[in-house]
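Participant: Before I ask anything, here is the structure I am working with.
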Amino acid sequence: MKRLLLLPLLSLALAACAQKGIEGVQTFDYQGGDHRPGSLVYAENPPAGGAHNTLWQNCGVYDQPLYNEYAVHSLEHGAVWITYRPDLAPEGVAALKALVDGRPYTILSPYEGLPSPVVASAWNAQLAVESPTDERLKAFLDKYEQGPTAPERGAACSGGYSGTR
């Protein structure tokens, strides 16, 4: 009899844990499908959604800054874009490369003028952290890579633009 009472309580506890957000994540409310040519201005640095180029950035690891307009289109497809300050120590960059290794819907690149050393961005979500080994980065990837906030989840993350600034 006691066992039957514990199962509903355990289910409630597990559901509450699953719904708990990642500390520090900011959310936004951008709609998808707004394709525009040229250079665009974004509210966030780096952007976490909004108007973007018709071509997407190929997912992968880059050692040069990217154009926001292509990367934002990849976010719309369900990619997570991890950016880091260009002066991040080599061991920090190596930790980020290891974090994204084997993940097909991630982009990693340096980014000038970040508000913190590392910023992870997905469509309508962003997390700024002080350390490339912050455990919240993996949690962010697990939640938002091909996550429910992406308007075109599952669309291509290759066959697009592979250049840098």
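Participant: Using the Cβ atoms and a cut-off under 12 Å, what net charge is assigned to the surroundings of P90, where Lys and Arg are +1 and Asp and Glu are -1?
Facilitator: -2
Participant: In what sequence do Y42, Y105 fall when counting other Cβ within 10 Å, fewest first?
Facilitator: Y42, Y105
Participant: Output needed: percent of Cα pairs per 5 Å distance bin for the chain, bins running from 0 to the one holding the longest distance.
Facilitator: Going out from 0 Å in 5 Å bins, the chain shows 2, 9, 18, 22, 19, 12, 6, 4, 3, 3, 2, 1, 0, 0 percent.
Participant: Oh, and also: Return the sequence-ordered ³J(HN,Hα) values of segment 100-105 in whole Hz as given by the Karplus equation 6.51 cos²θ - 1.76 cosθ + 1.60 applied to θ = phi - 60°, using x for Gly and Pro.
Facilitator: Running phi through 6.51 cos²θ - 1.76 cosθ + 1.60 with θ = phi - 60° gives 8, 4, x, 9, x, 10 Hz.
Participant: Taking the Cβ of each residue in I22, I82, I107 as the centre, tally the other Cβ atoms inside 10 Å and list the residues starting with the fewest.
Facilitator: So the ranking, lowest neighbour count to highest, is I22, I107, I82.
Participant: Read phi for every residue in segment 38-54 and hand back ³J(HN,Hα) as whole Hz from Karplus 6.51 cos²θ - 1.76 cosθ + 1.60, θ = phi - 60°, with x for Gly and Pro.
Facilitator: x, 7, 10, 9, 10, 6, 9, 10, x, x, 10, x, x, 4, 7, 5, 5
Participant: Quickly estimate the mean residue ellipticity at 222 nm for the chain, helices only: each DSSP H run with n ≥ 4 gives -39500 (n - 2.57), and the total goes over all residues, rounded to 500.
Facilitator: Only helices count here, giving -9000 deg cm²/dmol.
Participant: Separate question: Provide the net charge surrounding A51, with neighbours chosen by a C-beta distance below 9 Å and charges set as Lys +1, Arg +1, Asp -1, Glu -1.
Facilitator: -1
Participant: Tally Lys and Arg at +1 and Asp and Glu at -1 over the other residues with C-beta under 12 Å from the C-beta of H77: what net charge comes out?
Facilitator: -2
Participant: I've got another one for you. Picking from R36, R136, R153, which is most flexible by a Gaussian network model of the chain using Cα springs under 10 Å?
Facilitator: Largest GNM mean-square fluctuation: R36.
Participant: Right, another one. On a full-extension model of 0.36 nm per residue, what is the gain between A139 and R36, subtracting their alpha-carbon distance, rounded to one decimal in nm?
Facilitator: 33.9 nm
Participant: Counting only C-alpha contacts under 8 Å and six or more residues apart, can you give the relative contact order of the chain as a whole percent?
Facilitator: 28
Every number here is computed from the coordinates shown, using simple stated rules; none is lab data. What you see is a predicted model, and the numbers here were worked out from it, not measured in a lab. Neighbour counts run over all protein chains shown; Cβ positions are idealised from the backbone, glycine included.
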